[in-house]
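K.L.:
This is the structure I want to talk about, given as structure tokens.
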Amino acid sequence: MSDLKITGLHKHYGTYHAVKGIDLEVPSGEFTVLVGPSGCGKSTLLRTIAGLEEASAGTVEIGGQNVTWARPRDRDIAMVFQNYALYPYLNVYENIAFGLRARKVASAQIDKRVKRAADMLGIAQLLQRFPRELSGGQRQRVAIGRAIVRDALLFLFDEPLSNLDAQLRDDMRVEIKRLHQELGRTIIYVTHDQIEAMTLADRIALLRDGRIEQLGTPLDLFERPATRFVAGFLGSPKMNFLPATVEAGEVTLRDGTKLTLPTGRKAPNGQAIILGLRPQHIAKASASAAPGHVQLPSTIELVQPTGSRVQVSMPLGGISITAEFAAHEVTAPGEQVRIDIDMNRAVLIDPQTDKVI
Ligand SMILES: Nc1ncnc2c1ncn2[C@@H]1O[C@H](COP(=O)(O)OP(=O)(O)O)[C@@H](O)[C@H]1O
Ligand SMILES: [Mg+2]
């Protein structure tokens, strides 16, 4: 059964069209991430699911019930926001209990649920403290606790980690993933961070300008992007895009460099394309080229260490591309290298439509 079903959803703010016809069905227990650049309509979509915004057209069903016109409190949801406003005059226990008290849940039941949530989130020793006595990460845990004590069908998160520093964000990401595994609840999670999306999601809906550009598992979107936008949005460092033409199974770059496509690879003939190469698929050549690989000389221009891996910039086909090598493989800028491109993983894009061929 699906816990959430959105059909033909539109949202206008006055004359501004923020959500432009979204269909989305989320099965029970799934962790769905809505990801996309700032302003693409993620929060609007989430707030419309929650009933905090009114849909301009289309329907929202939660747990099989049409709630398009229902008030937020009549929807079976719990929500965690980016600005986790806690009640400053209530201690942690009462902040977590607040929604349950408002629903007239019995005290013994409240006590059980608050303590269980606090245990899960590692804040059991903080229950008597007030928000001002907590760190940012602890406050965010309380906000999450407030949501998970509710017995909601659907949990909605809107960029809950974006106010935390990098280390804490990594820790909380692991914790949210663990919570999902323990609770088995249906989660809709909004973020602009592609790493968060890739690591948390069962399925990703990548939004662009009010529409879903592609929906699928993280691996689907990463390995089989439907468009140039998806290919460029997911993955770090970003995919390289090289203008080229393709003819008789051979890609010719702007400066005349030729890259042979793997045998049997479907490709148009005599057409302009954009060749997409992920930095991870351009290596330093160590042996002779494997089937479907192409090797060429190049010169390293720029070196950016990131720990065990290093990002290197070098010219290819008249532009500067990025490759990712193991740290020990690089000496310095100016080094002459032989690169190995895995053309099996290359993406061919139609520059007219931006669709992957
Ligand atoms: N209350 C509002 N009134 C008018 N425009 C809004 C309102 N809320 C959001 N928008 C506009 O709708 C677009 C989508 O916003 P939002 O859903 O917040 O994007 P995201 O969460 O993906 O960053 C943006 O261009 C934003 O400026
Ligand atoms: Mg937002």
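The values are calculated or read from the model by the stated rules, or taken from the named source; none is laboratory data. In this text the structure is predicted, and so the values were computed from the model without any measurement. In this analysis, Cβ positions are derived from the backbone assuming ideal geometry, glycine residues included, and neighbour counts consider all displayed protein chains.
K.L.:
Test each condition in (1) farther than 21 Å from Tyr84 by Cα; (2) within 16 Å of ligand 1 (Cβ to nearest atom); (3) surrounded by fewer than 20 Cβ atoms within 10 Å (Cβ to Cβ) for Met198 and report the one that comes out false.
P.N.:
Status for Met198: all satisfied but (2).
K.L.:
Name the residue that is surrounded by the most Cβ atoms within 10 Å (Cβ to Cβ), counting only residues in the range 337-356 that are assigned by TED's automatic domain parsing to the domain that holds Leu259 and of a type in the set (Lys, Arg).
P.N.:
Only one residue tops the list, namely Arg345.
K.L.:
Could you please find all residues in the range 170-189 being over 15 Å from the mean Cα position of the chain (by Cα), in contact (Cβ under 8 Å) with a residue 12 or more places away in the chain and either surrounded by 15 or more Cβ atoms within 10 Å (Cβ to Cβ) or closer than 23 Å to Lys5 by Cα (or both)? Give the steps one after another, and end with the answer.
P.N.:
Kept after step one, since they are over 15 Å from the mean Cα position of the chain (by Cα), are these residues of the range 170-189: 171-172, 175, 178-186.
From what's left, in contact (Cβ under 8 Å) with a residue 12 or more places away in the chain: 171-172, 175, 179-180, 182-186.
Met172, Glu175, Leu179, His180, Leu183, Gly184, Arg185, Thr186, listed by residue number.
K.L.:
Just to check your reading of the model, which residue among Gly292, Gly334, Gly317 is surrounded by 19 or more Cβ atoms within 10 Å (Cβ to Cβ), of a type outside the set (Asp, Glu) and assigned by TED's automatic domain parsing to the domain that holds Thr245?
P.N.:
Details: Gly292 fails: surrounded by 19 or more Cβ atoms within 10 Å (Cβ to Cβ); Gly334 fails: surrounded by 19 or more Cβ atoms within 10 Å (Cβ to Cβ).
Exactly one residue qualifies, and that residue is Gly317.
K.L.:
When only residues in the range 43-59 that are crowded, with 19+ Cβ neighbours inside 10 Å and more than 12 Å from ligand 2 (Cβ to nearest atom) count, which is nearest to Leu9 (Cα to Cα)?
P.N.:
For the range 43-59, the residue satisfying everything is Ala55.
K.L.:
Could I ask something else about it? What tally of residues in the range 150-161 results from selecting those that are in a loop (DSSP other than H, G, I, E, B), at pLDDT 90 or above and more than 16 Å from ligand 1 (Cβ to nearest atom)?
P.N.:
1
K.L.:
Just the residues that are of a type in the set (S, T, N, Q) and either more than 7 Å from ligand 1 (Cβ to nearest atom) or not assigned by TED's automatic domain parsing to the domain that holds Pro160 (or both), please, taken from the range 27-51. Quick ask: steps written out before the conclusion?
P.N.:
Taking the range 27-51 and keeping what is of a type in the set (S, T, N, Q), we get 28, 32, 38, 43-44, 48.
Scanning the range 27-51 gives Ser28, Thr32, Thr48.
K.L.:
Hey, another quick one. Quick one: is Asp171 among the acidic types (Asp, Glu), part of a helix (DSSP H, G or I) and farther than 20 Å from Val35 by Cβ?
P.N.:
Values: among the acidic types (Asp, Glu): yes; part of a helix (DSSP H, G or I): yes; farther than 20 Å from Val35 by Cβ: yes.
When the stated conditions are applied, Asp171 passes them.
K.L.:
Does any residue of the range 142-165 turn out to be assigned by TED's automatic domain parsing to the domain that holds Arg73 and without any contact (Cβ under 8 Å) to a residue 12 or more places away in the chain? Talk me through it step by step, then tell me what you get.
P.N.:
Quick first cut of the range 142-165, residues assigned by TED's automatic domain parsing to the domain that holds Arg73 only: 142-165.
Restricting the remaining residues to those that are without any contact (Cβ under 8 Å) to a residue 12 or more places away in the chain gives 151.
Yes, the range 142-165 contains at least one residue that is assigned by TED's automatic domain parsing to the domain that holds Arg73 and without any contact (Cβ under 8 Å) to a residue 12 or more places away in the chain.
K.L.:
Does Ile273 meet the test of being within 15 Å of Val312 (Cα to Cα) and modelled with pLDDT of 95 or more? Give the derivation first.
P.N.:
Numbers: within 15 Å of Val312 (Cα to Cα): no; modelled with pLDDT of 95 or more: yes.
Criteria not met by Ile273.
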